[in-house]
Amino acid sequence: MTKPPSDPATQPALSAENEDAVALQRALAGDEEAFDLLYARRAGVVYQFALRMSGSVTLAEDVTQDVFISLLRSGHKFDPSRGTLPQYLLGMTRNRVLTLLQRERNFVPLAVDEGEEGRLSLERILAPTVAQDDPLFDLTRAERVEAVRQAVLALPLHYREVVVLCNLDELSYEAAAQLIGCPVGTVRSRLNRARALLLEKLQTHQPAVRRTAAVL
Amino acid sequence: MKCQEFQERLSELASEVELEAGLRARAEAHTARCETCAARWLAQRALQARLQEFAAATRELPAPHVRQRLRAVLAEQQQIAAVPGAPVVDLAAARAARQASPGVPRWGWLAAAAMFTLVALSLNFWQRLTSLSEPSSKEEMTLAVPAPALPALPVVITPQLNYEVSKPRPVKAAVHEPNRRLRRLELAQVQEETNNEFVPLTLAVDERALENPTLVRLEVPRARLVALGLPLPVHGDREMVNAEVMLGDNGVAYAIRVVR
């Protein structure tokens, strides 16, 4: 006895790509629920890439807003056969971030002290995951994270983006190469060089961390 | 595996994201023999751990006001969609429409732009070419007109004129005077004073009257010539000087010159 075709159990689950395409189509038609779903699924990727590339909360928020506004106004240009929606969004985000960084030629490094507008505070870094009852652990981890952030932001843009895409956003080499528009070998060589620079930078920072821990 | 290949694949080995079959085993075998590469692999693994820690600490979402701003844009989209007859965006239909009737292809627009540019350049070239055959400026047109010059005149003596006409006194007639040296000086002075250029007697020149002018030779007092404006010395103004006057067809004296 076969199950009726209307049974949801028999219908194949929509893939993530199809879900994105359907949600986008409904959002373009003005469906608020579809937009909320799309935003909840994909805004994090956009925002995190912009934040890691720029080090500025303000810039990352502006980029996220710009990218989704562009998606709402010209989302009909998205072609699922050419790639997934996250790749499409990441491509727009990358272009927007590089444009702003090239234009401004500066970035706001994260500050450890609290209260500065547009900067990611220490508490925001530690709040989601760190236990609050171990201040030494908090401080040491915070300093490590801050050191990595500064080291990443100190990289040249073409090295920084491969580190962010491949090591932080966990994209494959092929996906990163397609996004950047270069061969896979170029991504690999840039990543090698970028990691060597990061290591050099972090090794010079390491003695400061040890001194801080010793004081406490 | 050699050190160079190990170096090239180090980031992959440390991140363990994309490891082809057998790569890890070959890398471990190499690091067992090469302490330098083993140390590098260890350092890269530590770096990878710190990067993962950093990634975990920065998995954040944008602030709520970003969503609020985007909702305003969405509301605008809804207003457009609510208007009767407003186009509802259908991704599949839009794609099919693009494939079925692509409209004017891109190369068509480029060809039209190229043709327009060619026509504009041709017109500009043609205008420049035609302007070369015409006078380029008013100044050139002005300079092309030659300055009016007094025509070469035949020497004719007409007795019906009212001017004193006398035979020119030869210079040698004064030689018999006792002060020959002084006279020679005077003669030299007179010769220096004379010139062959006509001096205009009036600015109102009638070119038609001067088409067939008459030249009259006569003897006039030096003082009269000085009064007319000829550049002659004032002393000896009572002395008579030979002169030629240019008369037009209308009888008007237009110019005069002193002759030897």
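The values are calculated or read from the model by the stated rules, or taken from the named source; none is laboratory data. As the structure is a prediction and not an experimental result, all values here were calculated from the model. Quick reminder, even Gly has a Cβ in these numbers, built from the backbone with ideal geometry, and neighbours come from all protein chains shown.
The figures follow:
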{"read-out": "Residue match in region A:182-192 (condition: outside any helix (DSSP H, G or I) and modelled with pLDDT under 90)", "value": "no"}
{"read-out": "Flag if residue B:61 is more than 10 Å from every other protein chain (Cβ to nearest Cβ), surrounded by fewer than 18 Cβ atoms within 10 Å (Cβ to Cβ) and within 25 Å of residue A:169 (Cβ to Cβ)", "value": "no"}
{"read-out": "Candidate set: region A:37-52, residues that are more than 7 Å from chain B (Cβ to nearest Cβ) and out of contact with any Phe, Trp or Tyr (no Cβ under 9 Å at 6 or more places or on another chain); chosen: the one farthest from residue A:169 (Cα to Cα)", "value": "A:37"}
{"read-out": "Among (1) within 14 Å of chain B (Cβ to nearest Cβ); (2) at pLDDT 90 or above - the single one residue A:205 does not satisfy", "value": "(2)"}
{"read-out": "Filter pass, residue A:170 being assigned to a loop (DSSP other than H, G, I, E, B) and within 11 Å of chain B (Cβ to nearest Cβ)", "value": "yes"}
{"read-out": "Some residue of region B:76-85 being in a helix (DSSP H, G or I), modelled with pLDDT of 80 or more and at negative phi", "value": "no"}
{"read-out": "Any chance residue B:103 is more than 14 Å from chain A (Cβ to nearest Cβ), modelled with pLDDT under 85 and surrounded by 10 or more Cβ atoms within 10 Å (Cβ to Cβ)", "value": "no"}
{"read-out": "Leading residue by the ranking (farthest from residue A:190 (Cα to Cα)) among those in region B:1-33 that are touching a helix residue (DSSP H, G or I) at 6+ places or on another chain (Cβ under 6 Å) and not in a helix (DSSP H, G or I)", "value": "B:1"}
{"read-out": "Residue count for region B:200-259, restricted to those that are in a strand (DSSP E or B) and not polar (S, T, N, Q)", "value": "21"}
{"read-out": "Residue match in region B:168-175 (condition: modelled with pLDDT of 75 or more and in contact with a strand residue (DSSP E or B) (Cβ under 9 Å, 6 or more places away or on another chain))", "value": "no"}
{"read-out": "Whichever residue in region A:22-36 is at the interface with another protein chain (Cβ under 9 Å from one of its Cβ atoms) and either modelled with pLDDT of 90 or more or assigned to a helix (DSSP H, G or I) (or both) and, among such residues, is surrounded by the fewest Cβ atoms within 10 Å (Cβ to Cβ)", "value": "A:32"}
{"read-out": "Residues that are within 12 Å of chain B (Cβ to nearest Cβ) and under 17 Å from residue A:87 (Cα atoms), drawn from region A:178-201", "value": "A:184, A:187"}
{"read-out": "Residue match in region A:10-21 (condition: more than 30 Å from residue A:147 (Cβ to Cβ), assigned to a helix (DSSP H, G or I) and at the interface with chain B (Cβ under 8 Å from one of its Cβ atoms))", "value": "yes"}
{"read-out": "Condition met for residue B:46 (part of a helix (DSSP H, G or I) and aliphatic (A, V, I, L, M))", "value": "yes"}
{"read-out": "Cβ-Cβ under 9 Å pairs, at least 6 apart or on other chains, region B:64-85 side more than 7 Å from chain A (Cβ to nearest Cβ), far side modelled with pLDDT of 70 or more and in a helix (DSSP H, G or I)", "value": "B:65/A:61; B:71/A:32; B:71/A:35; B:71/A:36; B:75/A:32; B:76/A:72"}
